[in-house]
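Okay, so here's the structure we're looking at.
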Amino acid sequence: MNQRLVIPAVAVAALVAGELAVVLTSTSQHAELRVVAHPEASVFVLLIGWSFVGSGLMAWHRRRTSRFGVLMMAVGFAWFAAALTASNRPVLFSLGLVIAPLWIGIFLHALLSFPMGRLESRAASLIVAVYYFDVTVLQLAWVIFADVQRSQDCASCPQNVFLLSDQPAVASAILIVEQAIVGVLCLVGALVLLVQRWRNATVPLRRALAPVLVSGGVCLLVLLFTILLEPFSYATGRLVGWLGGLAFTAVPLAFLAGLLRQRLARSAVGDLVVELSETATPPDLREALSRALRDPLLQIGYWLPDSNRYVDLDGRAFDLPPAGALASTVVEHGGQRIAVLVHDASLLDDPDLIRAACAAGGLALANARLQAELRARVNELRQSQARIVEVGDAERRRLERNLHDGAQQRLLSVALRLRLVEARLASHPDEAELVAASRSELERSLQELREVAQGIHPAVLSDHGLAVALEAVVARSLVPVRLSMDLDGRLPEPIEAAVYYLVCEALTNTAKHAKASKVTVQISCSDGRALVEVADDGRGGADMAAGSGLRGLADRVAALDGRFVVSSDAGGGSAIRAEIPCG
Amino acid sequence: MIVADDSLLLREGISRLLVEAGFQVVGLASTGEEALAQVERNKPDVAIVDIRMPPTHSDEGLKAAQEIRARHPDVGVLVLSQYVELGLAARLLAENAAGLGYLLKDRITDLDEFAAAIRRVGAGGSALDPAVVSQLLGRRRDDDVLEHVTPREREVLALMAEGYSNQAIADRLVVTVRAVEKHVTSIFDKLRLPVTTDSHRRVLAVLAFLRS
């Protein structure tokens, strides 16, 4: 069928069905088995049916892929069909008996599949399936064995044409199973699911779900109440008076109210446009979008076309969450992908709102993307710098290790052998002296080699840590040093190396230039940051540009994402401070 | 005597030298664990342990040395290292310097000194490398109490720190024991340290003072 004709066709069908239901109800010669029990509440025959069909049509119009709208319409029509129990003709009356409670099954199905139109958990599917079985198969079984005129105390009712054999005992047993056991269990289970759903929902989702969940929950309570009040009448799908009528009319109205609220939300996008034109700095952008979309947890990832990935505003990697409670929407601007919004999945209910927000925020997002891209580049640069330093350090470590395990050990063992030879040459003093001279030459070479190795890489640092390594540095310093260290255990190796070289370089500078009488070295680690300060009381005036040593240190610290400050006023001493993240 | 060093050349070299000097080598080891096992099995007087051994080549030797001292307090431990570090000496000698030595590996070629150090450690004394001691004495301090110490007293102080007893100091400086005792009393007076005659306690006291 042409889709455009669906809405008028359904509307006309609903009008006709409603009219027929009213006619049937008002001309009925028996009151006992009508869907709306009390005559004064018969206005609900129309109200309930039309509101379900009407809001179902709206839901279907908004999202044709969702089954929710169709289910709502089906509730309305099934409700009208239940009015057949009011008919005075035996065939229609009997048909009404069979299908009377079906609308409640469809209602349960619609409620549990709100808002996506599908049953999201196995428990929900099970409850709906059991309940359908309950209101179709068991209901039919009841109709086959129940002489309604007698069992329902309705002498004026037409004949039940489906009656095969009058078995009062069987009929009432079926009714007990159908209502008191399966019916009650399913309704209670559905209530539990609704409560769970509410508790698990995120804040924006709760706001969207609240009207329907609350009114739907009230309906379930009304149904339970009905069963408990009249345990044997429920099989006819009747409602009890005003309360039931109001509760069931409220569900479609609540749904319509939700739709209206979304329309209002869309007007917040208008505010977004104004806000962005006034304060379009990137950090406010998230706030503004989050307000417009009413999702406090909204996140924005910016697209880097070169590396095919998203980053956050600070240029750090941004991973899309797995599908579930969160959903993502790609934002395009000028035909290019620029960003992705990660938002609550409930917002997908209103794609127009997201589209409008993306359009309004497009230009600002494109600007923010440039900033994110720049920061990502800076991060990459810093990481590559850190890698270069690390590779250099590793190479130095390897060289030192090779010297230690190779040349130094061999030379030492040669010196040992010379010593043995020396001992055996006691009777040849000249030769012994020659060997002794060679040995002491060798020992001097060993000492020089050790100093070279130590210069290449301070093995004591990687073997035993900062505290041990710095003690010797402090002892060698030409200016008295006060060293205070406040560290729990060891820092990561690159940071230890940076701190070590920084202290060495600073002490060397102080000794060379500062004419200082004392130096204090303070090293501590708190809140995930390592702090180093080397301060002297010398004449000051140290210049970053003057020494390549300081420059190199600054690079080393920068590579670790740290900060490095030299403060040195003429006559006021010098201080070098570095702060390196070590979390 | 057992020798633990991961270099085969050095292990053999050191043990030959020791045999030459009249020591008896009862076991060789190439890792810290082996060294510990050898000590268990052979109960040597002294274990000579290289500080840097497999698998991590960082402080296995140090750990083995501490383990040996904890489990076998009567076995002297002489730790050898390619480099000597003040901080490490302090860590090693932290509580108890008795039966403990820490020497630069190169010292082994000076057989007399090496043998003297082994004997001191074996007899429950201490041996601290002269390089460490000179690092300590050379350190600039803002409260320079060492200024009042005479050059001769400085020599005595250095030898005390290395772990020599008064008798040994007297032999080395070719003076009488009485003279050494006089120097020692004067030094402790100037440094305001409580007098102790036990040579390894003296090492700790001097070390602690010089590091402060």
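Read-outs throughout are calculated quantities, based only on the coordinates presented, and are distinct from any laboratory measurement. Only a predicted model underlies this, so the values are computations on that prediction, with no experimental measurement involved. Positions of Cβ are generated from backbone atoms using ideal geometry, with glycine treated the same way; all protein chains shown enter the neighbour counts.
Computed quantities for the displayed model
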read-out: Cα-based Rg / Dmax (Å) for segment A:145-194; value: 14.4, 41
read-out: Partners for residue B:190 among lysines (Cα-Cα distance below 30 Å; same-chain residues under 8 apart left out); value: A:515, A:518, B:182
read-out: Rounded tilt (10° steps) of A:241-278 against the dominant C-alpha axis of chain A; value: 40
read-out: P(r) of segment B:134-211 over all Cα-Cα pairs, binned every 10 Å from zero, in whole percent; value: 19, 59, 21, 1
read-out: Mean ellipticity per residue at 222 nm, deg cm²/dmol - from DSSP H runs of n ≥ 4 across chain A, formula -39500 (n - 2.57); value: -20000 deg cm²/dmol
read-out: Per residue, the convex hull volume that the Cα atoms of segment A:318-452 enclose (Å³); value: 148
read-out: Estimated Rh, segment A:390-456: Kirkwood, alpha-carbon pairs, angstrom; value: 13.2
read-out: Extreme residue, positive dipole direction of chain A, given options A:83, A:412, A:23 (C-beta unit charges); value: A:23
read-out: Cross-link partners of residue B:63 among lysines (Cα-Cα below 28 Å; sequence separation of 8 or more within a chain); value: B:43, B:105
read-out: Stokes-Einstein D (µm²/s) once Rh is taken as the Kirkwood radius of segment B:2-128 over alpha-carbon pairs, at 25 °C in 0.890 mPa s; value: 176
read-out: Those trypsin sites (Lys or Arg not before Pro) in segment B:117-212 that DSSP places in a loop and that have at most 16 other beta carbons within 10 Å; value: B:141, B:192
read-out: √(5λ) per eigenvalue of the Cα gyration tensor, segment A:461-581, largest first, Å; value: 22, 16, 12
read-out: Whole-Hz couplings from phi, Karplus 6.51/-1.76/1.60, listed for segment A:64-80; x for Gly and Pro; value: 6, 6, 7, 7, 4, x, 4, 4, 4, 4, 4, 4, x, 5, 5, 4, 4
read-out: Cut-off under 5 Å, modelled amide H: who pairs with residue A:529 long-range; value: A:582
read-out: Kirkwood hydrodynamic radius of segment A:282-386, from inverse mean 1/r over distinct Cα pairs, in Å; value: 14.0
read-out: Residues whose placed amide H lies under 5 Å from that of residue B:128, excluding near-sequence neighbours; value: B:102, B:163
read-out: Value of [θ]222 nm, deg cm²/dmol, for chain B, DSSP H segments ≥ 4, -39500 (n - 2.57) each, nearest 500; value: -16000 deg cm²/dmol
read-out: Free-standing Cys, the protein assembly as shown [no other Cys Cβ under 4.7 Å]; value: A:186, A:219, A:358, A:504, A:525, A:582
read-out: C-alpha long axis of helix A:90-99 to longest principal axis of chain A, angle in °; value: 10
read-out: Karplus-derived HN-Hα couplings along segment B:48-56 (A = 6.51, B = -1.76, C = 1.60, θ = phi - 60°), whole Hz, x at Gly and Pro; value: 9, 10, 6, 6, 10, 9, x, x, 8
read-out: Rh by Kirkwood over Cα pairs, then Stokes-Einstein D for segment A:3-263 at 0.890 mPa s and 25 °C, µm²/s; value: 132
read-out: Amide H partners (placed H, <5 Å) of residue B:75, local residues excluded; value: none
read-out: Translational diffusion coefficient (Stokes-Einstein; Kirkwood radius from C-alpha pairs) of the protein assembly as shown at 20 °C, 1.002 mPa s, in µm²/s; value: 61
read-out: In Å, descending, principal axis extents of the Cα set of segment B:154-193; value: 26, 20, 13
read-out: Nearest 10 degrees, 0 to 90: helix A:493-509 Cα axis against chain A principal axis; value: 40
